[in-house]
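Engineer: Pasting in a structure now, in structure tokens, and then I'll have a few things to ask.
The values are calculated or read from the model by the stated rules, or taken from the named source; none is laboratory data. Just so it is clear, the structure is predicted and the values come from calculations on it, not from any experiment. Here the Cβ positions follow ideal geometry from the backbone for every residue, glycine too, while neighbour counts run over all protein chains shown. Calculation scope for accessible area: heavy atoms of the full protein, side chains included, ligands and nucleic acids excluded. Shrake-Rupley method; radii C 1.70, N 1.55, O 1.52, S 1.80 Å.
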Amino acid sequence: MWVVATAGHVDHGKSTLVRALTGMEPDRWAEERRRGMTIDLGFAWTTLPSGGTIAFVDVPGHERFVSNMLAGVGPVPAAIVVVAADEGWMPQSAEHLAALDALGVSYGLLVVTRADLADPGPALAQARAELAATSLGSVEAVAVSGATGAGLPELRAALDRLVARLPDPARDAPVRLWVDRSFTIRGSGTVVTGTLGDGRLAVGDQLELADTGAPVRVRGLHALGAARERVDALARVAVNLRGVSRDRIGRGAALLSPGRFRLTDLLDVRLAGDPAADLPATLTLHVGSAGVPARVRPLGPDTVRLRLARPLPLLIGDRALLRDPGRHHVAGGVTVLDVAPPPLRRRGAAAARAAVLAELDGRPDLAGELRRRSLARAGELTRMGVPVTVAPVAGDWLADPEHWRLLGVRLTEEVARYAREHPLEAGAPVEVLRRRLALPDRALVEALLRPPLRLRAGRVTAAAVDALPAPVARAVDRVRAEYGDRPFQAPETHRLADLGLGPREIGAAVRAGALLKLADNVVLLPGALDDAVRVLARLPQPFTLSAARQALDTTRRVAVPLLELLDRRGATRRLPDDAREVVGPPG
Ligand SMILES: Nc1nc2c(ncn2[C@@H]2O[C@H](COP(=O)(O)OP(=O)(O)OP(=O)(O)O)[C@@H](O)[C@H]2O)c(=O)[nH]1
Ligand SMILES: [Mg+2]
């Protein structure tokens, strides 16, 4: 099934067109039929010549009902822009087009209706020029008459060509069903309807209600007027819900796959186009079927922070629009850049934030999020719309690699400092280290431990290194100071000699866990194995020696024995063609 919304000025023939195409009545209310005007959204569907089904969300054209219009088009990927031949381009044609543009709708048709009343040429030419400047771009145009039926076969064929171009929905994605209607059916209870843009629904599914997180169960499903066990996106669906009363769920609510979304009332967004410098302090944010008052705080030239009157389940990259309800005016489209932005407390924080936002484009970027957040929970990032493709460092914690490396260095320092401060204690308590490094979870401290640091009875010691003869311990300290930030570069043989690290000294340091020996005179700091696996796991698998060498930023002198050691430890596997793949952590 495909779903397409109508758009266009009041009385330009949208509902007449939907009626002519489907034989169904989109104006559901008696009042609408009495007044000959659409007030709320209408729904109808038909079969196209290709055999595919198309559902229409018919929107009202009157300016008083723009928020209803926006609730209808919000979740829909394509639109037909309707212009009357006898009236041409009108104010609501423009506002509806601005809304489609703001939401980034890029699939559509231009339909000039009432072609029996006037030459469609001029209206068509003008509308085509208006559309060309928007996200819709240059679209196919058809002239029709809802009264005589002229042009309808051509329109059906054009609709077939339109839907054939629509991208496939992500059917394995989590469900976020924006509710556009809710009602009660005697004997069944609450029913909500919406456009299922991604994912799939099945009878028995458990979902959660966006605003409260309350669990609800799918008791029944309808699509195209028939009961279904399962409905895949893209679809118009009616969902019969168990566990919620009708007055708790109305337009603008959302049904979500449990645990897959994050509610936010604070977000940073980019304004599309040429943002007005003097945006009002309060606007309405329209996204999905929701319209929520938002306080606007300008940050950069085209970025603002929005504080919403109620939280919404938003993702990075969501498109939305800001509208000034007082002035009947679409203030502009927005792209969500961050749904969990940092507070702006210190002086200069807003300017610094603007500089960060200037680099963002709404495309989820795991490496960037980790760089900005240092540490983050995998689940939390997924709920923001960032796919997680790297392994956690501990539990479900992900770390920016550079930050993680620095934490490791600081941990070693803190352990040494604690030992100096408390010479009689057997090491630094994990909890103390957690606090000193300002880590949110003790598991992170434990995950940071690398030989010679070790955990004994809740305390971290570096006992083995302390037990080394003083000159060797000092030499190892020098290696750590010089190579700590280049974990895969081994000191050259002459440098080892300068440091007094001959074969015997190296042997003692390796036994104490203070150095890692790859080959004669090729040593790295302990922890290099884990770090290497983490780097290699990020390469496309399998990878070549040269790819590994480049990713590790090292030489063949190190890369060859390092990979061989990883093979022996079962962390990598050597394939027949000499490529390798990562299979797990080093044993
Ligand atoms: N002659 C003629 N009249 C038409 C045609 N299409 C619509 N009309 C008439 O134009 C009037 C408005 O049509 P609607 O279909 O209600 O217009 P609409 O765009 O749905 O209006 P709103 O929903 O209120 O925005 C009605 O009286 C229709 O009968 C057409 O192709 N030819
Ligand atoms: Mg109508």
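Engineer: Which of (1) aliphatic (A, V, I, L, M); (2) within 29 Å of TRP404 (Cβ to Cβ); (3) open to solvent by less than 40 Å² (accessible area, probe 1.4 Å); (4) in contact with a Gly (Cβ under 9 Å, 6 or more places away or on another chain) does ALA358 not meet, given it meets every other one?
Structural biologist: (3)
Engineer: If I go through the range 17-27 residue by residue, how many of them are within 12 Å of ligand 1 (Cβ to nearest atom) and open to solvent by 40 Å² or more (accessible area, probe 1.4 Å)?
Structural biologist: 2
Engineer: Further question: If I ask for residues that are more than 20 Å from the chain's Cα centre (by Cα) and polar (S, T, N, Q), which ones from the range 330-364 would you list?
Structural biologist: none
Engineer: Among the aromatic types (Phe, Trp, Tyr), without any contact (Cβ under 8 Å) to a residue 40 or more places away in the chain and on the phi < 0 side of the Ramachandran plot: does that describe PHE56?
Structural biologist: no
Engineer: Go through the range 136-151 and give me each residue that's within 10 Å of ligand 1 (Cβ to nearest atom) and open to solvent by less than 60 Å² (accessible area, probe 1.4 Å).
Structural biologist: If the condition is that a residue be within 10 Å of ligand 1 (Cβ to nearest atom) and open to solvent by less than 60 Å² (accessible area, probe 1.4 Å), then ALA143, VAL144, SER145, GLY146, GLY149, ALA150, GLY151 are the ones that fit.
Engineer: Something else: Please name all residue pairs, on different chains or six or more residues apart, with Cβ atoms under 9 Å, provided the first residue is in the range 2-16 and is within 6 Å of ligand 1 (Cβ to nearest atom) and the second residue is open to solvent by 20 Å² or more (accessible area, probe 1.4 Å) and charged (D, E, K, R).
Structural biologist: VAL10/GLU63; ASP11/GLU87; HIS12/GLU87; HIS12/ARG114; GLY13/ARG114; SER15/GLU25; THR16/ARG114
Engineer: Please find, among ALA170, ALA158, ALA118, the residue that is away from ligand 2 (no atom under 16 Å from the Cβ), at pLDDT 95 or above and either part of a helix (DSSP H, G or I) or within 27 Å of GLY291 (Cα to Cα) (or both).
Structural biologist: ALA158
Engineer: Can you tell me how many residues in the range 77-100 are in a helix (DSSP H, G or I) and either surrounded by 22 or more Cβ atoms within 10 Å (Cβ to Cβ) or near ligand 1 (Cβ under 10 Å from one of its atoms) (or both)?
Structural biologist: Going through the range 77-100 one residue at a time, the tally reaches 6.
Engineer: Still on this structure, I have one more. Which pairs have Cβ atoms under 7 Å, sit 6 or more apart or on different chains, and link a residue in the range 145-172 that is in contact (Cβ under 8 Å) with a residue 60 or more places away in the chain and farther than 26 Å from ASP232 by Cβ to one that is assigned to a loop (DSSP other than H, G, I, E, B) and within 16 Å of ligand 2 (Cβ to nearest atom)?
Structural biologist: GLY146/GLY13; LEU152/VAL144; LEU155/VAL144
Engineer: Next question, about the same structure. What is the one condition in (1) more than 26 Å from the chain's Cα centre (by Cα); (2) of a type outside the set (Phe, Trp, Tyr); (3) in a strand (DSSP E or B) that GLY108 does not satisfy?
Structural biologist: With respect to (1) more than 26 Å from the chain's Cα centre (by Cα); (2) of a type outside the set (Phe, Trp, Tyr); (3) in a strand (DSSP E or B), GLY108 is out only on (1).
Engineer: For the range 38-71, which residues satisfy the criterion of being touching a Gly at 6+ places or on another chain (Cβ under 9 Å), open to solvent by 50 Å² or more (accessible area, probe 1.4 Å) and assigned to a strand (DSSP E or B)?
Structural biologist: Within the range 38-71, TRP45 is the sole residue that qualifies.
Engineer: Somewhere in the range 294-313, is a residue in contact (Cβ under 8 Å) with a residue 40 or more places away in the chain, within 19 Å of GLU95 (Cβ to Cβ) and open to solvent by 20 Å² or more (accessible area, probe 1.4 Å)?
Structural biologist: So far as the range 294-313 goes, no, none of its residues is in contact (Cβ under 8 Å) with a residue 40 or more places away in the chain, within 19 Å of GLU95 (Cβ to Cβ) and open to solvent by 20 Å² or more (accessible area, probe 1.4 Å).
Engineer: If you take the residues in the range 468-485 that are within 13 Å of VAL523 (Cβ to Cβ) and open to solvent by 60 Å² or more (accessible area, probe 1.4 Å), which one is modelled with the highest pLDDT?
Structural biologist: ARG478
Engineer: Right, another one. Which ones in the range 429-484 are within 26 Å of ARG511 (Cβ to Cβ) and in a loop (DSSP other than H, G, I, E, B)?
Structural biologist: If the condition is that a residue be within 26 Å of ARG511 (Cβ to Cβ) and in a loop (DSSP other than H, G, I, E, B), then LEU449, ARG450, PRO451, PRO452, LEU453, ALA457, GLY458, ALA462, ALA467, LEU468, PRO469, GLY484 are the ones that fit.
Engineer: Could you check the range 246-284 and list, in sequence order, the residues that are within 16 Å of ASP180 (Cα to Cα) and either open to solvent by less than 40 Å² (accessible area, probe 1.4 Å) or modelled with pLDDT under 90 (or both)?
Structural biologist: Listed by number, the residues that qualify are ARG246, ASP247, ARG248, ILE249, GLY250, GLY252, ALA253, ALA254, LEU255, LEU256.
Engineer: Let me ask something additional. Can you name the number of the only condition in (1) within 14 Å of ligand 2 (Cβ to nearest atom); (2) within 27 Å of VAL192 (Cβ to Cβ) that MET1 fails?
Structural biologist: (1)
Engineer: Check every one of the strands (runs of 3 or more DSSP E) wholly within the range 178-267 and list those with 1 or more residues that are touching an Asp or Glu at 6+ places or on another chain (Cβ under 8 Å) and touching a residue at least 24 places away in the same chain (Cβ under 8 Å).
Structural biologist: Strands (runs of 3 or more DSSP E) meeting the threshold: 189-196, 200-202, 215-223, 254-256.
Engineer: Residue pairs, Cβ under 9 Å, 6 or more apart or interchain, first in the range 111-130 and at positive phi, second of a type in the set (Asp, Glu) and within 16 Å of ligand 2 (Cβ to nearest atom). List them.
Structural biologist: Matching pairs, first to second residue: ARG114/GLU87.
Engineer: Here is a further query. Select, from ASP119, ASP172, ASP160, the only residue that is open to solvent by 10 Å² or more (accessible area, probe 1.4 Å) and within 29 Å of ARG246 (Cα to Cα).
Structural biologist: On inspection, the qualifying residue turns out to be ASP172.
Engineer: When you go through ARG327, ARG323 one by one, which is the residue that is more than 24 Å from ALA254 (Cβ to Cβ), open to solvent by 10 Å² or more (accessible area, probe 1.4 Å), more than 21 Å from the chain's Cα centre (by Cα) and among the basic types (Lys, Arg)?
Structural biologist: ARG327
Listed here are the residues, each with its yes/no results for (1) part of a loop (DSSP other than H, G, I, E, B); (2) of a type in the set (A, V, I, L, M).
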| site | (1), (2) |
| --- | --- |
| PRO487 | yes, no |
| ALA490 | yes, yes |
| ARG504 | no, no |
| PRO526 | yes, no |
| ASP531 | no, no |
| VAL535 | no, yes |
| GLN541 | yes, no |
| ARG557 | no, no |
| PRO561 | no, no |
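Engineer: May I pose another question? Looking at this structure, is ARG549 surrounded by 16 or more Cβ atoms within 10 Å (Cβ to Cβ), of a type outside the set (A, V, I, L, M) and under 42 Å from the mean Cα position of the chain (by Cα)?
Structural biologist: yes
Engineer: Looking for whichever is under 31 Å from the mean Cα position of the chain (by Cα) and either more than 21 Å from ASP180 (Cα to Cα) or within 12 Å of ligand 1 (Cβ to nearest atom) (or both) here; the options are PHE56, PHE43. Which one fits?
Structural biologist: Exactly one residue qualifies, and that residue is PHE56.
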